[in-house]
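Below you'll find the structure, written out as C-alpha cells, and then a few comments.
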Amino acid sequence: MIFYEYEARKIVELAGIPVTKYGFCQTADEARKAAEEIGGPTVIKSQVLTGGRMKAGGVQFADTPDEAAKHAEDILKLEINGHMPVGVLVDPKAEIKQEYYASVVWDGTAKKPLMLFSDMGGIDIEQVAEEHPDHVGRGHISNILPVGDYEAKQVIAATGVTGSQLNRATPILAKLARLFRENDMILAEINPLAELTDGSFVALDAHMEMEEEAVGRQKNILRKELGIAEEDTRDTYVPSDFEKNVKAIDAADHRGVIQGKDHGFDGNLGLVIGAGGGSLTLTDAVRNQGGKPANYSEIGGNPSVAKACGLAKEVLKKDGVEKIAVMMSIVSNTRVDIVARGVIKACLELGKDPAETIAIFRIPGAWEDEGNKILDHYGVEYCDRSVSLWDAAGRAVAKIQGAS
Amino acid sequence: MSPAEAMDAVFIDIELDEPAKSDPELAKKLEEVCTVGIFKASAAGTEIVQGQLDECVLCYLCVDACPTGAMRIIKKYEN
Ligand code: SF4
C-alpha cells in the first residue's frame, strides 16, 4: 500500500523523526490558514499517488498566505497523469544548508531490510549510486533483533559524514529502520533529509510503502493514526476491459479461480494456463521459444465449465489472438475434463473450430482420460505428462508460427 | 444469466423417464443431491435445467436417487 506524502510525513513524525510544521488542506481557505500558521514563504504540493508533480505544475511556491490559497485552488483542480489530488500539503520553504538521503528498503535477495544513506540528497538515489558510489552507505538490519543506533552510524559514516552531522543523522536513520520494521514497510524513504542553517535535521519529504499482506494487521496506524478507510486500497493500476471481464466472471462463481492480465502483452497466442507456478513457467517457455503471448492467466482450484469457458472466451476475443494454448502443470484439484469442456465450449460459442483454435491442450491430472475423450471428439491436439511444459509451449509456438 | 445458461448443452444430456419425472418427492431429492443445479423441483415434478447440463460432474448421485433405469446421463462426446 502506498501513502500520500502527507501521510508519509505523519508516519515519520509518529516515529519521532523531526519534521517541519506542515498542513494538509482540502480547500484554498485551509491552505491560507496553514500558510499563516507556518509564517514566511511556503511550498504548496499536490497530494497525488503519481510522479511528475513538479513538471505538471503540482508544486508551487508562495510568499504570502493569499498566494498559497491561490496556488492551492489551482492545484486542487489540476489532474496529474489521470489522478485528481486528495488535497494539498503546505510546507515551509526551508532554509537548507545541505540535503541528505535516508531510506530503508526490503532487500528481497538478502531477505532483510537494507538501510541506505547518502550525503547527496534531493536527487534519485539510483543516480547517486551509479555516479558517486562512494557517497552511498549501506547496511542490513536484522528481521528480529532490536535495531541499534551504532548500525545506523556505521552506514552514515561510510559516506564520510562526521562530527555533529553524524550525531544528528544517526538517530533519524535508526528511527526510520525501526518504523520500517514495526509498520511492515517495504520502503521508508526520506529525501531530502535536510540540515537546516541552524544545524538541525528535518525530514522534508518522505515516501512510504507498506507490504500489502500486512494491511490487515496494521489497523492501528492505518485506521486510527492516519484515518484511512478500509475500502481505500490505493490501487492505482487501471485494469483493462479484459482484466475487468475476467475478474467479473471469477467473482460471479465461487468454484475455482481464474485470473487474467494483459498488461504488456499483445501477441497472437492466447494463454489459458495455470497450476502451481505453471503460469509463470509457461509464459516464459512461450516467450523464450519465440512465441508472442496475448495475455497472462491463471486457472485452477477446480473451476466450473462456465468459468473455464468465460476465461477462454475473453482470451479468444482479444485483438490479434489467433489460437489459444491450454496448458497446466500436473493438476490434482482441477478436473481436466471440466477445463476441456470449458475451452471447447468457448470456441464453439464464438463460432470457432476447437481443433483449429486450440494449439495444444496439456493438462495432465484428475479425470485426464475423460478429458481426452472430449478432446478426441473435437479433434483437439493434446499431450500427457511425458511432454514437458517447455515442449508443450514449443508445440503451441510452432503451430501458430506455421499458421501465420 | 450465467454463460452456461446462455446456450444449450454441448457435452451432457440427461434423460428421465415417466413416471419418475412427475414425482414431486423425487424432484425435491434430485434438486438436493445435484451440487451444480441441474434439477429444479416443482409441483409438476422435475425440470432439467438445459443451460446447466454441461456443469454435470458425473457424480451419478442423481442416478442413484432414481428408481433403477429411470435416469440416464448421456455423454454426447462418446457418441
Ligand atoms: S451426475 Fe451429479 S452432477 Fe450430474 S446431474 Fe447427476 S447429480 Fe448432478
Find the relative contact order for chain A and round it to a whole percent, using C-alpha pairs within less than 8 Å whose residues are 6+ positions apart. 11 percent
Can you send over the solvent-accessible area of residue A:335, 1.4 Å probe, protein chains only, in Å² to the nearest 10? 30 Å²
In 5 Å bins starting at 0, how do the alpha-carbon pair distances of the stretch A:328-404 split up by percent? 3, 17, 27, 25, 20, 7, 1, 0
Compute the Cα gyration tensor for the stretch A:91-183, then decide on rounded, prolate or oblate, letting a ≥ b ≥ c be the square roots of its eigenvalues: rounded whenever a/c is under 1.5, prolate when a/b is larger than b/c in the other cases, and oblate in all that remain. prolate
Just the number, please: Stokes-Einstein D of the stretch A:163-247 in µm²/s, Kirkwood Rh from C-alpha pairs, 20 °C, 1.002 mPa s. 137 µm²/s
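Largest first, how would A:399, A:97 line up by accessible area (1.4 Å probe)?
On the way: A:399 70, A:97 125 Å².
Ranking A:399, A:97 by accessible area, largest first, yields A:97, A:399.
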From Cα coordinates alone, what are the radius of gyration and Dmax values for the stretch A:27-185 in angstrom? 18.7, 51
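Quote the Stokes-Einstein diffusion coefficient, in whole µm² s⁻¹, for the protein assembly as shown, based on the Kirkwood radius over alpha carbon pairs, a temperature of 20 °C and a viscosity of 1.002 mPa s. It would help to have the intermediate numbers written out before the result.
Working: Rh = 27.0 Å.
Result for D is 79 µm²/s.
Calculate the dipole size of the stretch A:256-404 relative to its Cα centre from +1 charges on Lys and Arg beta carbons and -1 charges on Asp and Glu beta carbons; express the result in debye to the nearest 20.
Numbers: 17 positive and 18 negative charges, 41 e Å.
In debye, rounded to 20, the stretch A:256-404 gives about 200.
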Prolate/oblate/rounded call for the stretch A:244-290, Cα gyration tensor, a/c under 1.5 rounded: oblate
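Work out the mean other chain Cβ neighbour count within 10 Å for the residues of A:304-311 and drop it here as an integer. Intermediate values should be presented prior to the final figure.
Details: counts 8, 13, 10, 4, 0, 7, 3, 0.
Per-residue shielding by partner chains comes out at 6.
May I ask you to rank A:140, A:71 by accessible area, largest first, using a 1.4 Å probe over the protein chains only? Could the numbers behind the result be given before it?
Details: A:140 85, A:71 35 Å².
Descending order: A:140, A:71.
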Averaged over its residues, how many other protein chain Cβ atoms are within 10 Å of peptide B:59-67's Cβ atoms? 0
Looking only at aspartates and glutamates whose Cα falls under 16 Å of residue A:33's and that sit 8 or more positions away or on another chain, we get A:63, A:66, A:67, A:73, A:91
If you place +1 on the Cβ of every Lys and Arg, -1 on the Cβ of every Asp and Glu, and leave all else neutral, what size is the dipole of the protein assembly as shown about its Cα centre, to the nearest 20 Debye? 560 debye
Given A:154-160, A:317-323, the highest-first ranking by average Cβ count within 10 Å works out to A:154-160, A:317-323
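Given a Förster distance of 30 angstrom, what is the FRET efficiency for residue A:63 paired with residue A:164, based on the Cβ-Cβ distance and rounded to 0.05?
Numbers: r = 32 Å, r/R0 = 1.06.
Taking R0 as 30 Å, the efficiency between residue A:63 and residue A:164 is 0.40.
Quantify how much of the Cα-Cα distance distribution of chain B extends past 20 Å, in percent.
Values: 799 of 3081 pairs.
Result: 26 percent of Cα pairs exceed 20 Å.
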Rounded to 10°, Cα long-axis angle of helix A:5-14 versus longest principal axis of chain A: 60 degrees
What value does the stretch A:34-115 have for Rg/Rh, both radii from Cα atoms and Rh as Kirkwood defines it? 1.12
Quick check on the stretch A:259-404: take the gyration tensor over C-alpha atoms, sort the square-rooted eigenvalues as a ≥ b ≥ c, and tell me if it's rounded (a/c under 1.5), prolate or oblate. rounded
If you take the charge dipole of the stretch A:56-206 about its Cα centre, with +1 on Lys and Arg Cβ and -1 on Asp and Glu Cβ, which of A:193, A:116, A:140 is farthest toward its positive end? A:140
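If you rank A:382, B:77 by how much accessible surface each has, with a 1.4 Å probe, what is the order from largest down? Kindly include the intermediate steps, with their values, before the conclusion.
Numbers: A:382 70, B:77 10 Å².
Result, largest first: A:382, B:77.
Just checking the output field for A:337-344: average partner chain Cβ neighbours within 10 Å of each residue's Cβ? Mind dumping the intermediate values first?
Values: counts 5, 6, 0, 2, 9, 4, 0, 4.
So the per-residue partner count for this stretch is 4.
The values are calculated or read from the model by the stated rules, or taken from the named source; none is laboratory data. Values in this document were obtained by computation on a predicted structure and should not be read as measured data. Here Cβ is always computed from backbone atoms with ideal geometry, including for glycine, and neighbour counts include all displayed protein chains. To get the accessible areas, we keep the full protein, side chains included, count just its heavy atoms, and leave off ligands, DNA and RNA. Shrake-Rupley method; radii C 1.70, N 1.55, O 1.52, S 1.80 Å.
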